[in-house]
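Here's the structure we're looking at; comments come further down.
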Amino acid sequence: MAQHGHSAACCSIPPIVSKGYEAKGKYETIGGMKTYVTGPANATKAILYVFDIFGYFPQSIQGADILSTSDKDNQYQVFMPDFFDDKPADISWYPPDTAEKGQALGNFFSTIGAPPKAVGKIPPYVKEVEKLNPSVKAWAIVGFCWGGKVVSLVNSSSETQFNAGAECHPAMVDPSDALKIKIPLCMLASKDENPEDVKQFEANLTGPKHVEIFADQIHGWMAARSDLEDPRVKQEYERGYKTLLEFFAKHV
């Protein structure tokens, strides 16, 4: 039977590249921040991609490229700003299984990577993007790990600039955050998030929602910690991005 609407369009995700991915976009400076920009310059919809604490990794860049043009009916210009000013966390710190790694991560979260710092930068950044790209009329935001917390916080205000949000393997899940979020929200959790927190977060959301636990995937499977040479991870990475596209097609 033929499929209609966004579902069929979402099935045109290009083959996932396991290693040696070549970016399709380019880097620009927007609002004082280095930004990876991808997707059609005349798109009327945009996505703010809040990467994880490890910054510009091929798996995240590939994800941004997937989001930009895989849904033929809904194409997006995707903006991935560098909130860390070229000082991301070192991926060797994770998992924090030694005191040194734990301390390094703790220092990062309390200084460069404190989520409220990023949240404060977003409203003026979005306005700057719109000034440079007047075709943009609607926004989604997606955050990964640390970026998930940023999504919760930035959408806790009734003055949010976003039509829809998504959190992938979110860090610091706090069900009380969900009580303040009124826009449609998608949460794709991994096996490493506390399932009770995820369930309570879902219960507290009052707007349209899609909450799902990818039970055999690690925290980070859609971003820097994704091992795309593992066929199962690759499959769930693709399914995760397809789920985001379907959600945004409905709500942005």
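The values are calculated or read from the model by the stated rules, or taken from the named source; none is laboratory data. Predicted, not measured: the structure shown is a model, and the values here were computed from it. Because the Cβ atoms are built from the backbone with ideal geometry, glycine has one as well, and the counts that use them run over all protein chains shown.
Checked against (1) among the small types (G, A, S); (2) out of contact with any Asp or Glu (no Cβ under 6 Å at 6 or more places or on another chain); (3) modelled with pLDDT under 95; (4) surrounded by 18 or more Cβ atoms within 10 Å (Cβ to Cβ), A9 passes all but condition (2).
Test D86 against the stated conditions and say whether it is surrounded by 20 or more Cβ atoms within 10 Å (Cβ to Cβ) and in a loop (DSSP other than H, G, I, E, B).
The answer is no for D86.
Given the residues A215, A249, which is the only one that is surrounded by fewer than 23 Cβ atoms within 10 Å (Cβ to Cβ), in contact with a Cys (Cβ under 8 Å, 6 or more places away or on another chain) and of a type in the set (G, A, S)? Result: A249 is the single residue among A215, A249 that is surrounded by fewer than 23 Cβ atoms within 10 Å (Cβ to Cβ), in contact with a Cys (Cβ under 8 Å, 6 or more places away or on another chain) and of a type in the set (G, A, S).
Pairing residues of region 105-122 that are within 16 Å of M33 (Cα to Cα) with residues that are in a loop (DSSP other than H, G, I, E, B) and of a type in the set (F, W, Y), at Cβ distances under 6 Å and at least 6 apart in sequence or on separate chains, gives I112/F84; A118/F83. Which of the residues belonging to region 131-155 are in contact with an Asp or Glu (Cβ under 7 Å, 6 or more places away or on another chain) and either at pLDDT below 95 or among the aromatic types (F, W, Y) (or both)? Answer for region 131-155, where residues must be in contact with an Asp or Glu (Cβ under 7 Å, 6 or more places away or on another chain) and either at pLDDT below 95 or among the aromatic types (F, W, Y) (or both): F144, W146. For P96, the test of being farther than 26 Å from L48 by Cα, touching a Gly at 6+ places or on another chain (Cβ under 6 Å) and either surrounded by 12 or more Cβ atoms within 10 Å (Cβ to Cβ) or among the hydrophobic types (A, V, I, L, M, F, W, C) (or both) is passed.
The criterion of being modelled with pLDDT of 95 or more, in contact with a His (Cβ under 7 Å, 6 or more places away or on another chain) and over 16 Å from I141 (Cβ atoms) holds for A189. Against the definition (out of contact with any Ser or Thr (no Cβ under 6 Å at 6 or more places or on another chain) and either touching a residue at least 60 places away in the same chain (Cβ under 8 Å) or farther than 21 Å from L228 by Cα (or both)), how does A23 come out, yes or no? No: the conditions fail for A23.
Against the condition on the phi < 0 side of the Ramachandran plot and either in contact with a Pro (Cβ under 8 Å, 6 or more places away or on another chain) or part of a loop (DSSP other than H, G, I, E, B) (or both), how does Y56 come out, does it pass? Reasoning before the result, please.
Numbers: on the phi < 0 side of the Ramachandran plot: yes; either in contact with a Pro (Cβ under 8 Å, 6 or more places away or on another chain) or part of a loop (DSSP other than H, G, I, E, B) (or both): yes.
Spelling it out, Y56 is indeed on the phi < 0 side of the Ramachandran plot and either in contact with a Pro (Cβ under 8 Å, 6 or more places away or on another chain) or part of a loop (DSSP other than H, G, I, E, B) (or both).
The set of residues from region 84-115 being under 21 Å from the mean Cα position of the chain (by Cα) and among the aliphatic types (A, V, I, L, M) comprises A89, I91, L105, I112, A114.
Scan region 61-73 for residues that are assigned to a loop (DSSP other than H, G, I, E, B) and surrounded by 22 or more Cβ atoms within 10 Å (Cβ to Cβ) and jot them down. Once the filter is applied, which keeps residues that are assigned to a loop (DSSP other than H, G, I, E, B) and surrounded by 22 or more Cβ atoms within 10 Å (Cβ to Cβ), region 61-73 yields only D71. Note on region 99-144: residues that are assigned to a loop (DSSP other than H, G, I, E, B) and either crowded, with 19+ Cβ neighbours inside 10 Å or in contact with a helix residue (DSSP H, G or I) (Cβ under 6 Å, 6 or more places away or on another chain) (or both) amount to 2.
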